[in-house]
Amino acid sequence: MLDREISTILEAGIDLQVNAVSEAPAQLLANGYDAVLVSIGTHKGTKLPIDGNDLEGVYVNADFLKAARAGQPLPVGRKVMVLGGGNVAYDCARTAIRLGRKKFISRVWKMSSR
């Protein structure tokens, strides 16, 4: 699937450069690029503003994923609930499956507009 998505991007005429270093986006613009997209991702998760977010066994998504990737997964039982509706929530669910968890309850959480 990733190869297919990369092909679609390249077919659109995008100049894809990987593992390239640039000290300043302004220099890229001066070199003729029309736009520079800095897409580094987020490295710090956010606790949901709900009661119980500080209980043992409740983890921030980024912490859970980083620990699993480092080969030191955070302790979870056989049942896991993932709160969220974005890509990171999906990654957490897939990671828990790879860690051998069998039962999931997922809930989409939307921040209130208050």
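Some points to look at:
- Assuming charge only on the beta carbon of Lys and Arg (+1) and of Asp and Glu (-1), the dipole of the range 2-86 about its Cα centre is about 460 debye to the nearest 20.
- Other residues within the sphere of radius under 13 Å centred on the Cβ of residue 28, judged by their own Cβ, net out at -3 (K and R +1, D and E -1).
- Sites residue 70 and residue 2 - FRET efficiency at Förster radius 25 Å, r taken between beta-carbons, to 0.05: 0.65
- For the range 20-82, the fraction of alpha-carbon pairs in successive 5 Å shells from zero, as %: 3, 12, 18, 16, 10, 8, 9, 9, 9, 5, 1
Each value in this text was obtained by applying a stated rule to the coordinates, not by laboratory testing. It should be emphasised that the depicted structure is a prediction, and the values quoted were computed from it without experimental measurement. Backbone-built Cβ (ideal geometry, glycine too); neighbour counts: all protein chains shown.
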